[in-house]
Amino acid sequence: LRLDPERPNYLLVGDSHGADRYTGLSSLYTDVRFLQLTTASCRPLLENPFDEYHCQERLDYVFHEFLPNTPVDGVILAGRWRPEDLDLLADTLGYLRGLGLRVIVLGPTAEFEHWVGELVFRHGRREGLESWVSSFLSPEALEMERWVGEVVESSGAEFWSSIEALCPDGRCPVLGPEGELLIVDYGHQSPAGALVQARGYRDLGL
């Protein structure tokens, strides 16, 4: 959480999927200092029902002590959003906007109905791999993205689609140039995959 006086400072708050975003964004946008507070399963909400890993204690600190007293240029929220988060997300965005911050919300990541490594193994060849794997995109994730986008846009914050960033035209990259997995389970990304997604955000205009 240390500021860099020579660069713009953006705080990224989120769960393990937020940590993926940090990996990609900090690798791509080297002219920005990304501060990070991410904790597994701890979605960036003022009130979070998850009670492990000191989740609420960390969120209380960052929302009520750090951000009101630290001159950051903006805050980025990223997580594996759930339907029960929507009202809490609206409250969180209203609070952060009240602090006069630029607020960016990254939509839920592309999720798959089976682990991607298993799908790669079952397909057994590079030809047609992206189309095959992309056919297993979770429809629930696509619906969740639409719901989150509506909440964010009604709040006046910025919404950026993680699914569109990673999977333009509905086709998701699967393997890097050396054959490494870009998505390592149902939706978490390797560092190489996180960088691909960050480039996608940039292509969308972020």
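Search the range 89-112 for residues that are of a type in the set (D, E, K, R) and pair each with any residue that is assigned to a helix (DSSP H, G or I) when their beta-carbon atoms are under 8 Å apart and the residues are at least 6 apart or on different chains.
Once the first residue is of a type in the set (D, E, K, R) and sits in the range 89-112, its partners that are assigned to a helix (DSSP H, G or I) give Arg97/Ser155; Glu111/Glu140; Glu111/Ala141.
Tell me, which residue of the range 40-69 that is modelled with pLDDT under 95 and among the polar types (S, T, N, Q) is nearest to Ala19 (Cα to Cα)?
Going through the qualifying residues, I end up with Ser41.
Only one of these conditions is not met by Phe121: (1) in a helix (DSSP H, G or I); (2) open to solvent by 30 Å² or more (accessible area, probe 1.4 Å); (3) touching a residue at least 12 places away in the same chain (Cβ under 8 Å); (4) not charged (D, E, K, R). Which number is it?
Every condition holds for Phe121 apart from (3).
In the range 130-145, is there at least one residue being in a loop (DSSP other than H, G, I, E, B), open to solvent by 40 Å² or more (accessible area, probe 1.4 Å), on the phi < 0 side of the Ramachandran plot and touching a residue at least 12 places away in the same chain (Cβ under 8 Å)?
no
Under 8 Å between Cβ atoms, which residue pairs at least 6 apart in sequence (or on different chains) link something in the range 56-75 that is closer than 14 Å to Tyr10 by Cα with a partner that is basic (Lys, Arg) and at pLDDT 95 or above?
Asp73/Arg102; Gly74/Arg102; Val75/Arg102
From the set of residues in the range 148-191 that are of a type outside the set (Gly, Ala, Ser), over 15 Å from the mean Cα position of the chain (by Cα) and closer than 14 Å to Leu89 by Cβ, which is least open to solvent (accessible area, probe 1.4 Å)?
The extreme case among them is Val151.
One line per residue, one yes/no per condition, for (1) charged (D, E, K, R); (2) part of a helix (DSSP H, G or I):
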position	(1), (2)
Glu6	yes, no
Ala19	no, yes
Leu25	no, yes
Ala40	no, no
Pro49	no, no
Glu57	yes, yes
Asp60	yes, yes
Leu86	no, yes
Asp91	yes, yes
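Might you let me know whether the range 169-182 holds any residue that is hydrophobic (A, V, I, L, M, F, W, C) and part of a helix (DSSP H, G or I)?
Within the range 169-182, not a single residue is hydrophobic (A, V, I, L, M, F, W, C) and part of a helix (DSSP H, G or I).
Only one residue in Leu3, Leu11 is open to solvent by 60 Å² or more (accessible area, probe 1.4 Å) and either touching a strand residue (DSSP E or B) at 6+ places or on another chain (Cβ under 9 Å) or modelled with pLDDT of 95 or more (or both), so which one is that? If you could, list the steps in order and put the result at the bottom.
On the way: Leu11 fails: open to solvent by 60 Å² or more (accessible area, probe 1.4 Å).
Exactly one residue qualifies, and that residue is Leu3.
Filter the range 63-112 for residues that are open to solvent by less than 70 Å² (accessible area, probe 1.4 Å) and acidic (Asp, Glu); which is nearest to the chain's Cα centre (by Cα)?
Glu111
The values are calculated or read from the model by the stated rules, or taken from the named source; none is laboratory data. Worth saying up front: this structure is predicted, and the values here are computed from it rather than measured. Glycine gets a Cβ as well: all are built from the backbone with ideal geometry, and neighbour counts include every protein chain shown. Heads up: the accessible areas ignore ligands, DNA and RNA and are worked out on the full protein's heavy atoms, side chains in. Shrake-Rupley method; radii C 1.70, N 1.55, O 1.52, S 1.80 Å.
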